[in-house]
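Engineer: Have a look at the structure that comes next, please.
The values are calculated or read from the model by the stated rules, or taken from the named source; none is laboratory data. Just so it is clear, the model here is predicted, and its values are computed rather than measured. Here the Cβ is made from the backbone with ideal geometry for all residues, glycine too, and neighbour counts use every protein chain on show. SASA here: full protein model, heavy atoms, side chains in, ligands and nucleic acids out. Shrake-Rupley method; radii C 1.70, N 1.55, O 1.52, S 1.80 Å.
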Amino acid sequence: MTRERPLRVLFLTRYPIEGASSRYRVFQYVPHLEVLGVRCTVQSFMDTAMYRMTLQSGSTLKKVWATARAVLSRLKALSKWRSYDVIYMQRELFPFGPPVLERLLKKRGAVIFFDYDDALFIKKPSRYNPIATLLRSPEKTRDMFRIADCTVAGNNWLRDSARAEGGKAVTLEVAEDISRYRNRSLLQRNRPITIGWLGSPTTVKYLKLIQGPLQKLASRYPGVRWEIIGGNEFTMDGVPWVNTAWSLEGEVEGLARFDIGLMPLPWDEWSNGKSGGKARTYMAAGVVPVCSAIGYNLELISHGETGYLCEENDDWFRVLSELIEDREQRKLVSEAARTDVDVRFAPGRQARAMRDLFYDVTEARGVAHE
């Protein structure tokens, strides 16, 4: 067996490139994997139109029709599964039903990777669609741990959860490319300090967890600017949030306006499964991350050096007050955070680890690379 011949990998993502988990867990690696000799094909269950539809309430019949078309497209992609050395599933094949096809593919000799970066084995209701809530099956995720040749987890807690169910699992932390973002030292200084939040309509509700401290800060520091990117029309009494629509191109421009980035999370098991994507993006963009002290955030951030970790409301108020008042501290932490991400999470480095993992697993299965 040789590692000279390029591997052929079929990546099956849940979302198009606009979806953060698919963009970070698959799409960003593709150009680097191609350079490393991996021939990549990506097929997304949702196209852009369907993805946008799922972020809105209503339109149930349109969503059902879009799902039917998505199923047919996925089946078409899978009809050529023998052309690939690896089938890499970013989440499950279909967002409903038992893993029948996954078992069949494995039985017929497919090498299957299952990638996840959220605690999908915990049932969580959909904000927009009660039908989606009914179709979600935590047990299916547990089945996938055992079916897959390898589960690729976004953090060690997720990895250990998969292993506890009898699966073989490794951690592959998410890469982040700092070259996407502007050098903040070149940005205009004479502008208001901006405290921001970046995310989706499904998670903007977490800002309510720290509503008290934010209201006090907005009252004490009326010159501070507050911005939300991707949260739709979120409002909070006493805090003058500016809502900006998210777009792939606009994300970089928007983060250039931020000085401090917020990442509050609830104190529950779901938060233990979060893989730090929001905080790492802030860090790469030179935005000081201020986050809940839970789960992977404790591994990602060095408190007071590359960001800040908060437990109580008093922590949020104190840390944010200090950062608002101390420009030099913001500068030191933002530069340290950006450097830390570049050293630990460079896309080329993480892509190489992914490529090596593909070879290790296929060789263990005895798949010949002729």
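Engineer: May I ask for the Kirkwood hydrodynamic radius of the chain, worked out over all distinct Cα pairs and given in angstroms to one decimal?
Structural biologist: Details: mean 1/r = 0.0462 Å⁻¹.
Over the chain, the inverse of the mean reciprocal pair distance is 21.7 Å.
Engineer: Given H placed on each backbone N at 1.01 Å, which residues far from residue 120 in sequence or on other chains put an amide H within less than 5 Å of it?
Structural biologist: Under 5 Å from the amide H of residue 120 lies no amide H from a residue far enough along the sequence or on another chain.
Engineer: Mind giving me the FRET efficiency for residue 356 and residue 108? R0 is 22 Å, r the Cβ-Cβ distance, nearest 0.05 is fine. Show your work: numbers first, answer last.
Structural biologist: On the way: r = 26 Å, r/R0 = 1.17.
It comes out at approximately 0.30.
Engineer: If a paramagnetic tag sat 7 Å from the Cα of residue 122 along the Cα-Cβ line, which residues of region 256-274 would have the backbone N under 18 Å from that point?
Structural biologist: 263-274
Engineer: While we're looking at this one, here's another question. Can you list the HN-Hα couplings for region 240-245, worked out from phi with the Karplus curve (6.51, -1.76, 1.60; θ = phi - 60°), rounded to whole Hz and with x for Gly and Pro?
Structural biologist: 3J(HN,Hα) across region 240-245, in whole Hz: x, 4, 9, 9, 10, 5.
Engineer: Under 5 Å between amide hydrogens, which residues at least 5 positions from residue 88 or on another chain qualify, with H placed 1.01 Å from N in the peptide plane?
Structural biologist: HN-HN under 5 Å from residue 88: 10, 11, 12, 113.
Engineer: So, by mean Cβ neighbours within 10 angstrom, what's the order for 110-119, 91-100 with the highest one leading? Kindly include the intermediate steps, with their values, before the conclusion.
Structural biologist: On the way: 110-119: 22.9, 91-100: 18.1.
Sorting 110-119, 91-100 by mean packing, highest first, produces 110-119, 91-100.
Engineer: Only helical DSSP H runs with n ≥ 4 go in: add -39500 (n - 2.57) per run for the chain, normalise by residue count and round the 222 nm mean residue ellipticity to 500 deg cm²/dmol.
Structural biologist: Numbers: 16 runs with 154 residues, N = 370.
It comes out at -12000 deg cm²/dmol, rounded to the nearest 500.
Engineer: Strictly over 19 Å apart at the Cα level, which of 106/168; 80/106; 80/107; 107/140; 62/140; 205/278 would you flag in this model?
Structural biologist: Details: 106/168 15 Å; 80/106 14 Å; 80/107 16 Å; 107/140 17 Å; 62/140 26 Å; 205/278 15 Å.
Cα-Cα > 19 Å for 62/140; rest within.
Engineer: Can you tell me the accessible area per residue over region 240-355, all protein chains present, probe 1.4 angstrom, in square angstrom?
Structural biologist: Working: 4500 Å² over 116 residues.
About 39 Å² of surface per residue is accessible.
Engineer: Given R₀ = 35 Å, FRET efficiency for residue 81-residue 249 by Cβ-Cβ distance, to 0.05? Please report the intermediate quantities before stating the final value.
Structural biologist: Values: r = 34 Å, r/R0 = 0.98.
Rounded to the nearest 0.05, the efficiency is 0.55.
Engineer: Would you please give the FRET efficiency between residue 8 and residue 165, computed as 1/(1 + (r/R0)^6) with r the Cβ-Cβ distance and R0 = 25 Å, to the nearest 0.05?
Structural biologist: Working: r = 29 Å, r/R0 = 1.16.
According to the calculation, E is roughly 0.30.
Engineer: What figure in square angstrom, to the nearest 10, would you give for the accessible area of residue 247 with a 1.4 Å probe?
Structural biologist: Accessible area of residue 247: about 40 Å².
Engineer: Also, quick follow-up: Assuming a viscosity of 1.002 mPa s and a temperature of 20 °C, what translational diffusion coefficient in µm² per second does Stokes-Einstein assign to region 214-370, Rh being the Kirkwood radius over Cα pairs?
Structural biologist: Working: Rh = 17.5 Å.
It comes out at roughly 123 µm²/s.
Engineer: Also: So what is the accessible area of region 8-90 per residue, in Å², with the probe set to 1.4 Å? Numbers along the way, then the final one.
Structural biologist: On the way: 3910 Å² over 83 residues.
Ligands and nucleic acids excluded, the figure is 47 Å² per residue.
Engineer: Carbon and sulfur together cover what percent of the accessible area of the chain at a 1.4 Å probe radius?
Structural biologist: Details: 8670 of 16630 Å².
Summing carbon and sulfur atoms, their accessible area is 52 percent of the total for the chain.
Engineer: Oh, and also: With the contact rule set at Cα under 8 Å and sequence spacing of 6 or more, what percent relative contact order holds for the chain?
Structural biologist: Values: 648 pairs, mean separation 60.7, N = 370.
Relative contact order for the chain comes out at 16 percent.
Engineer: Same structure, new question: Can you pull the one-decimal nm distance between simple spin-label points at residue 339 and residue 233, each 7 Å off the Cα toward Cβ?
Structural biologist: Between residue 339 and residue 233, the simple spin-label model gives 4.6 nm.
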